[in-house]
C-alpha cells in the first residue's frame with residue numbers, strides 16, 4: 001500500500017494557502033449550489049457569500065433501512081393504524097415492552113413505504129435505556145451526514161455545526177428516518193430532518209411523552225391466535241395442529257412476546273423430534289426457578305432464553321456466553337472467533353447454531369447483532385458459569401483482536417516516531433490482512449464506533465498499555481478521514497493511558513496527536529498547549545521524534561495564523577532537530593513547510609530551491625502523497641515567480657495525485673493554487689473556474705480559505 005505521512009499534521013497544514021490570517025467560524029447561513037439545488041450551510045467563515053460554485057460533493061440517496069423480517073406475523077391492526085396516520089404526521093413513536101416486536105413492526109411497515117420517500121432512508125440503533133450503550137448525538141449525525149454523501153473529512157467536529165449541516169441537507173427532502181431503541185426525546189430532536197415531507201419513526205420502551213409533536217402507537221402483546229400463527233410459521237402448521245392445545249399453552253407461557261415465541265420456535269425447529277409439551281414443561285420449571293431467584297418482570301422472556309440456551313451444544317453455549325461480553329451489540333465474524341480463540345472457519349458452525357436459535361441476528365455479510373435482552377442474558381450466564389479469569393481472558397482476546405487488526409492498517413502512514421512495541425497475550429488464529437489501501441481504510445471506518453467503545457472500555461478497566469496502543473492504532477483513520485471530535489477524544493484517552501502507564505514518550509506522542517486534532521478543528525491555542533506539554537513531558541534521552549512533531553506543530557499553527565517570522569523560526573528549529581537525528585523523511589517534510597512559508601514572504605527563489613529538494617527526496621523515499629504536497633507548493637512558488645507553464649505542470653500532477661488519494665482538502669488547495677496561477681497569468685475566466693470548483697470544498701470543511709476565494713470572486717466580473 002502506498003505510504004502517507006503521519007503528519008495529519010501535514011494534511012491540514014495549509015502550506016501554500018494565500019490567506020494571512022485564520023478567522024473562526026460563525027453561525028452565518030450561506031447558499032452553496034449543488035447538483036441538487038441550493039443548500040444552506042451554517043458555520044461558514046464570516047463574510048463568505050459563495051456564487052453558485054461547482055459541487056463539493058454529490059448528495060447520495062441513502063439506503064440504510066434493514067429488510068423486513070422474513071417471518072413477520074400478524075400486527076394487521078397495528079399496520080392499518082400506522083397507514084391511517086402516516087399522512088397526518090411526520091413523527092411516529094412505536095412504544096412497548098422489550099421483545100414486544102417494535103423494531104420488526106417498524107422495519108416491515110417502513111419497507112412498504114420506501115417508494116413514497118424517494119430521497120432515501122436513514123437508520124440507527126440509539127442503544128436503548130442502558131447509558132453504557134447509548135450512541136452519542138454527534139456519532140449519529142456523523143453517520144447520517146456520511147450516509148447523505150458528505151465525505152468524512154467534511155463532517156464538522158462540532159455537534160451544533162453537524163446539526164446545522166444535517167438540517168440544510170435534509171431541507172425539503174422526502175426521507176424515511178428510523179430511530180430505533182430510543183431512550184429519550186433529547187436523543188431524537190437533533191435528528192429530525194428539516195422537512196415536512198420526511199417521516200421519522202422512533203421505537204422505544206418509553207412512551208416519550210415530551211416529544212409533543214409525535215403520534216403514538218403502543219404495541220401490545222400477541223393475542224393467542226397471533227402467537228399460534230407465528231409458531232405455525234416457524235414449525236409448520238402440521239406440527240402445531242398435532243398439539244394445538246399444548247401449543248396454546250406455549251403461547252401463554254411466552255406471555256405474548258413475539259421475540260420469546262420466535263426464539264422458542266427456533267429452538268423447537270432445531271429439535272424436530274422434541275414435543276411442544278416437553279418445552280412447555282421446561283418453561284414451567286424455569287419460571288418456577290425464576291420466581292424463587294428473582295422478581296424480574298420479564299420472567300417469561302428470561303425463561304424462554306434459558307430454555308433455548310440449554311438446547312445449545314456445550315461448545316455453542318460457551319460461545320454464546322463469552323460473545324455476550326463484547327462491548328457493543330454489533331460485531332464481525334473475526335472478533336467473534338477471537339472471543340473463543342478459534343479460527344473463523346471453526347466458529348462458523350457455532351454462529352450458525354446461534355442464528356438458527358434466533359439468539360443472534362445476521363445484519364450484513366459477516367456482521368451480526370444481539371438483541372439487547374439476549375445480550376444481557378448471555379452476559380448474566382457468563383457471570384454465572386464462567387470464572388472471572390476466563391471472562392477476563394475472553395475480553396482481552398476481543399481487545400487484542402481489534403488492536404492486531406488495526407495495526408495491520410499501519411502501512412497507510414509513515415510512523416511519526418519509533419514504534420512502542422506491544423507484546424500480545426493472544427494472537428488471532430486468522431489474522432486479518434488487507435489487499436489494498438481502500439480495504440484497510442474501509443475497515444477502520446466500518447469499525448470506528450466499535451474501536452472507540454473498546455478504547456473507552458479498556459481505559460475504564462485500567463489496562464493502560466492496551467488502551468494507549470489502541471488509541472495509537474487509529475491514527476491512519478484520523479489522518480485521512482479527520483473525524484476531529486473522535487480524534488481528540490481518542491487522543492485524550494491516549495494521554496491518560498500513557499500517564500497511568502508511566503510512559504512519557506507515549507504521553508508526548510498523544511499530546512502531539514491532541515495538538516493535531518485541535519489544530520485541524522481551528523482550536524489553535526489548545527493545539528499550542530498540547531504541543532508544549534509534549535515537549536515538557538518528553539525525556540531528554542531516548543527517542544526525540546516527538547519533539548520534531550511538536551516543533552512542526554508550532555510552525556503550522558503560526559503559519560495558519562499568518563505569523564510568518566514565527567513559523568520560519570519554528571520550522572528552522574524543526575529542520576535542525578531532524579538533521580541532528582538523521583531523520584531524512586522529516587527533513588523533507590519540513591523543507592515543504594519552509595518553502596511554503598518563504599513563498600508567502602516573497603522569497604521565491606529560496607522557496608523553489610527548498611521545494612525542489614523536498615520533492616526529489618520524497619520521491620526517492622516513495623512518499624507519493626507528500627510528493628504531491630510538495631508539487632502544490634512548488635506550483636504556487638513558480639506561479640508567483642512568473643514561471644506559469646512549469647507551475648501548471650506541477651499542479652496538474654498534484655491534482656491527479658490528491659484525487660487518487662481521496663484528500664478533499666489537498667485537492668481544494670491545488671484547485672485554489674491553479675486559480676491563483678491563472679489569475680497571475682491574466683486568464684480571469686480560467687481562474688474563476690478553479691475558484692468556483694474549490695470554494696464549496698472549503699465551505700464544507702469550514703476552512704478559512706473559503707473567505708479568501710469568495711473575496712477573489714467578488715472582485716472579478718461575471719463571465
Exercise. Within the stretch 618-626, can one find any residue that is closer than 20 Å to residue 559 by Cα, surrounded by 21 or more Cβ atoms within 10 Å (Cβ to Cβ) and modelled with pLDDT of 95 or more?
Worked result: no
Turns out the helices (runs of 4 or more DSSP H) fully within the stretch 315-422 with at least 2 residues that are in contact with a helix residue (DSSP H, G or I) (Cβ under 9 Å, 6 or more places away or on another chain) and closer than 21 Å to residue 464 by Cβ are 388-407
Check: Taking the stated definitions as given, is residue 186 touching a residue at least 40 places away in the same chain (Cβ under 8 Å) and surrounded by fewer than 21 Cβ atoms within 10 Å (Cβ to Cβ)?
Finding: no
Q | Residue within the stretch 664-686 that is closer than 28 Å to residue 151 by Cα, touching a strand residue (DSSP E or B) at 6+ places or on another chain (Cβ under 6 Å) and in a helix (DSSP H, G or I) present | A | no
Here the residues within the stretch 345-365 that are buried (at least 19 other Cβ atoms within 10 Å of the Cβ) and closer than 21 Å to residue 397 by Cβ are 347, 350, 351, 353, 354, 359, 360
Going through (1) in a helix (DSSP H, G or I); (2) without any contact (Cβ under 8 Å) to a residue 60 or more places away in the chain; (3) under 29 Å from the mean Cα position of the chain (by Cα) one by one, residue 106 fails only at (2)
Taking the stretch 227-244 and the residues there that are under 12 Å from residue 269 (Cβ atoms) and out of contact with any helix residue (DSSP H, G or I) (no Cβ under 7 Å at 6 or more places or on another chain), the one that is surrounded by the fewest Cβ atoms within 10 Å (Cβ to Cβ) would be 236
Those residues of the stretch 577-596 which are part of a helix (DSSP H, G or I), over 35 Å from the mean Cα position of the chain (by Cα) and free of Cβ contacts under 8 Å to residues at least 60 places away in the same chain amount to 577, 579, 580
Only one of 574, 512 is out of contact with any strand residue (DSSP E or B) (no Cβ under 7 Å at 6 or more places or on another chain), under 30 Å from residue 466 (Cβ atoms) and either modelled with pLDDT of 95 or more or part of a loop (DSSP other than H, G, I, E, B) (or both), namely 512
| Out of all the residues in the stretch 407-424, is one or more closer than 25 Å to residue 128 by Cα and at pLDDT below 95? | no
Assigned to a loop (DSSP other than H, G, I, E, B), farther than 20 Å from residue 333 by Cβ and without any contact (Cβ under 8 Å) to a residue 60 or more places away in the chain - does that describe any residue in the stretch 462-472? yes
The number of residues in the stretch 206-221 that are in contact (Cβ under 8 Å) with a residue 40 or more places away in the chain and either in contact with a helix residue (DSSP H, G or I) (Cβ under 8 Å, 6 or more places away or on another chain) or part of a strand (DSSP E or B) (or both) is 7
_Can you confirm whether residue 75 is over 21 Å from residue 363 (Cβ atoms) and in contact (Cβ under 8 Å) with a residue 24 or more places away in the chain?_
yes
Just one listed residue, out of 704, 717, is touching a strand residue (DSSP E or B) at 6+ places or on another chain (Cβ under 7 Å), outside the structural domain of residue 477 (by TED's automatic domain parsing) and either surrounded by 23 or more Cβ atoms within 10 Å (Cβ to Cβ) or at pLDDT below 85 (or both), and it is 704
- Within the stretch 288-300, is even one residue crowded, with 22+ Cβ neighbours inside 10 Å, outside the structural domain of residue 237 (by TED's automatic domain parsing) and modelled with pLDDT under 85? yes
Among 253, 216, 248, the single one that is modelled with pLDDT of 90 or more and over 38 Å from the mean Cα position of the chain (by Cα) is 248
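Residue-wise test of (1) modelled with pLDDT under 90; (2) in contact with a strand residue (DSSP E or B) (Cβ under 7 Å, 6 or more places away or on another chain).
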| residue | (1), (2) |
| --- | --- |
| 120 | no, yes |
| 124 | no, yes |
| 128 | yes, yes |
| 133 | yes, no |
| 137 | no, no |
| 144 | no, yes |
| 154 | yes, no |
| 157 | yes, no |
| 162 | no, no |
Just to be sure before I move on: is residue 655 more than 18 Å from residue 479 (Cβ to Cβ) and within 28 Å of the chain's Cα centre (by Cα) in the structure I sent? yes
Exception for residue 279 within (1) surrounded by fewer than 23 Cβ atoms within 10 Å (Cβ to Cβ); (2) in a helix (DSSP H, G or I) falls at (1)
Would you be able to say whether some residue in the stretch 391-400 is over 29 Å from residue 459 (Cα atoms), touching a residue at least 40 places away in the same chain (Cβ under 8 Å) and not assigned by TED's automatic domain parsing to the domain that holds residue 131? no
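The values are calculated or read from the model by the stated rules, or taken from the named source; none is laboratory data. None of these values were measured; they are calculated from a predicted model. With ideal geometry, Cβ positions are generated from the backbone for all residues, glycine too; neighbour counts draw on all protein chains shown.
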